[in-house]
Amino acid sequence: MSELTKLNQNLIIKKIDNETVNLQITNNEMLMSIVGEFDQNLKDLAKLSNTNVYFRGNSITCKGTNENLSIFCDAVKFLINKYFLTKIIEKEDIMLSVKKNIELKDSNIKSFQQLIKTPRKSVIARSEKQSQYIKALKENDIIMSLGPAGTGKSFLAVSVAVTMLMEKKIDRVILSRPAVEAGEKLGFLPGDMKEKVDPYLRPLYDALYELFGVEKVDKKIESGEIEIAPLAFMRGRTLKNCFAILDEAQNATETQIKMFLTRIGENSKLVVNGDPSQIDLINKSNSGLISSKNLLKNLEEIKIIEFDHTDVVRHPLVSKIIRAYQNKSTDDQN
């Protein structure tokens, strides 16, 4: 049974008049996930679509202009698809459902099939570019992704790596990044090597904990199945049967990125992620991310994905902030 058929069986939309539609969702668990605790999801949907929404039993009545009614109905269809795939509706899905304003067609359904199942949650592509990225992570041996914060570069790469580890397609996951201070002088850090570098690697830990759980992550780090290390520790190694991710690669030199990529061994995937607009090196021209991308873009075996502010899936303000800074940079150049 196709997802479209499932949706039609669980959602009935009736137009009452030019300013009113009624939606009935027959699957009670799905209904409660879409409505949310204390009806919060519906309240958010009403605000985002500029409509008035009333909920009773399995019936949702929506009032507004024709255009806004369409936005609301498409958002509900989006959320139903999300529920079919993951059995959960998250807060960010509410904003995304209105942002995408999807009409449910076969082509749109296929984009949702880029699904990653991890021990604690299922992850789906939240934009067309994310869908391309997940496909590349699954099919290519070397992947480079460039783009602003909040586009899912690191999180999706860690998600695919965790899945491959659980499915025993690889033996290890290696997460690395340059130990470069983000514009702040941290001074002397006490403790052993792990304690010294952990502050730089915290975002990677956060992604692992969300997908795996703290206890499982700690056990796999202890067993060596997950390794988190500064980029400098990659020199001289051959990475076999592993999924290695270099995060924050805008803070690596061209030589360092070359060193990382040439570590690739049998049955391994290497991912290089970075945001060219957030270089923390004292001499920003030392960043090798853009030059590496340009050098390697013609190699068929290497897939390069470039995100922009339209692919941001964090809070909607993140996209606006990025666009404001981009506009300022353009004005300064002029």
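Quick note: the coordinates plus some simple rules give every number you see, no bench work behind them. Given the structure is predicted, the values throughout are model-derived calculations rather than measurements. Note: ideal-geometry Cβ built from the backbone for every residue, glycine included; neighbour counts use all protein chains shown.
Take the Cα of E222, step 7 Å toward its Cβ, do the same at E139, and the gap between the two points is 4.1 nm. Here is the result for the stretch 227-268: no chymotrypsin sites (Phe, Trp or Tyr not before Pro) lie in DSSP coil with at most 13 other C-beta atoms within 10 angstrom of their C-beta. Distance in nm between label sites at S70 and E37, each 7 Å beyond Cα in the beta-carbon direction? Calculated label separation equals 3.6 nm. Across the stretch 31-59, the residues whose backbone nitrogen lies under 16 Å from the label position 7 Å along the beta-carbon direction of K14 are 54-59. The HN-Hα couplings worked out from phi for the stretch 68-74 by the Karplus form 6.51 cos²θ - 1.76 cosθ + 1.60 (θ = phi - 60°) are 6, 4, 4, 4, 5, 5, 5 Hz, whole numbers, x standing for Gly and Pro. Here the gap between L115 and T310, fully extended at 0.36 nm per residue and compared with their Cα-Cα distance, gives a gain of 68.1 nm. Looking at the stretch 242-326, the GluC sites (Glu not before Pro) that sit in a DSSP loop and have at most 10 other Cβ atoms within 10 Å of their own Cβ are E266, E300, E301. Checking the table K82/K138; K121/K219; K91/K219; K43/K91 against a 23 Å threshold on Cα-Cα, which pairs fail? Listed pairs above 23 Å: K91/K219. Seen from all directions on average, the stretch 26-95 presents a Cα convex hull projection of 4.2 nm².
Projecting the Cα atoms of F155, P276, A136 onto the charge dipole of the stretch 116-313, computed from C-beta unit charges around the Cα centre, puts A136 farthest toward the positive end.
Based on the Cβ-Cβ distance from K258 to R323, what FRET efficiency comes out when R0 is 35 Å, to the nearest 0.05? Taking R0 as 35 Å, the efficiency between K258 and R323 is 0.60.
Note on R235/S122: beta-carbon distance plugged into 1/(1 + (r/R0)^6) with R0 of 35 Å gives a FRET efficiency of 0.45.
Out of every Cα-Cα pair that the stretch 116-313 contains, those further apart than 24 angstrom amount to 36 percent. The simple spin-label model puts a point 7 Å past each Cα toward its Cβ; for I282 and L299 those points are separated by 3.1 nm.
The order of R323, R120, R126, going from fewest to most other C-beta atoms within 10 Å of their C-beta, is R120, R323, R126.
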